[in-house]
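Beneath this line is the structure, given in structure tokens, with notes to follow.
The values are calculated or read from the model by the stated rules, or taken from the named source; none is laboratory data. The shown structure was predicted, so the numbers you read here are calculated from the model rather than taken from an experiment. Cβ sites come from the backbone with ideal geometry, for glycine too, and all protein chains shown count toward neighbours. Areas reflect the complete protein model, heavy atoms only, side chains present, ligands, DNA and RNA absent. Shrake-Rupley method; radii C 1.70, N 1.55, O 1.52, S 1.80 Å.
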Amino acid sequence: MSLELGVNIDHIATLRQARGTIYPNLLDAVTLVEAAGADAITIHLREDRRHIQDADVDAIRKHCQRRLNLELAATDEMVAIACGVMPDDACIVPEKREELTTEGGLDVIGQFDRIQQSTQTLRDAGIRVSLFIEPDVEQIKRVLDVGASVIELHTGTYANATGDAKKYEFERIVGATAFADNLGIQVNAGHGLDYDNTAIIAAIPQIKELNIGHAMIARAVFVGIKQATEEMLAIMEKARL
Ligand code: PXP
């Protein structure tokens, strides 16, 4: 099974918002990332609009040639925006205003009704829904019940762990991937992946797509976004040989 790459370009917008300029241009980034061979563009429209703006979502939707994956909180506002923009994929994520980045996965069990309602609305509009969750079997058991067919496993805990804890977190991801795959759920993964820790995750055969942002944008500062994308794709390809 081939492994796809979604490049999260949020932090190109972070750089732009830091000065309120019109550069760096996100559409130029989309062109370069796609030319490098990425399979999808991923953006997160946060409730506080700290990086991606509403107008960016519309412009990127019109410009991008590959899949557009919109990350969003399960709120009425975000679901309505998604239904208007029609990304190919919507990845529902938990969101807290004060967090630096998405911390932890969705609580599909505790927030069942809200996630089910959002999933239904998005699916009825024709958008494929993915749920960003921890590699936790109990959460995965409820995914099909809310109507989603795709999950993105949160790799952040694995990425931040060291020593035995890292091995443990890796095994959790392997186990959760196999469990979800057996239920017929598509498994993607992302968060905290970089040029050192991605290969081992990419080698898990059932994983279909990785969504990677911060490390790639940081690399792009030195080598450009096209080369940063090509380097990550090469790591992923080698892991699947
Ligand atoms: N996947 C999801 C669901 C996310 O929320 C994020 C961060 O926006 C990413 C992947 C990318 O994480 P990172 O920037 O750490 O690569």
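A compact table of results
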item: Number of positions in segment 160-174 that are surrounded by 14 or more Cβ atoms within 10 Å (Cβ to Cβ) and either in contact (Cβ under 8 Å) with a residue 40 or more places away in the chain or basic (Lys, Arg) (or both); result: 2
item: Thr157 under 23 Å from Arg46 (Cα atoms), open to solvent by 10 Å² or more (accessible area, probe 1.4 Å) and in a helix (DSSP H, G or I); result: yes
item: Number of the condition not met by Asp194 [criteria: (1) surrounded by fewer than 17 Cβ atoms within 10 Å (Cβ to Cβ); (2) more than 17 Å from the chain's Cα centre (by Cα)]; result: (2)
item: Check on Glu47, more than 11 Å from the ligand (Cβ to nearest atom), at pLDDT below 95 and in contact with a helix residue (DSSP H, G or I) (Cβ under 9 Å, 6 or more places away or on another chain); result: yes
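Rundown of residues vs (1) of a type in the set (Gly, Ala, Ser); (2) crowded, with 19+ Cβ neighbours inside 10 Å, yes/no style:
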{"residue": "Arg128", "(1), (2)": "no, no"}
{"residue": "Ala199", "(1), (2)": "yes, no"}
{"residue": "Lys226", "(1), (2)": "no, no"}
{"residue": "Met232", "(1), (2)": "no, yes"}
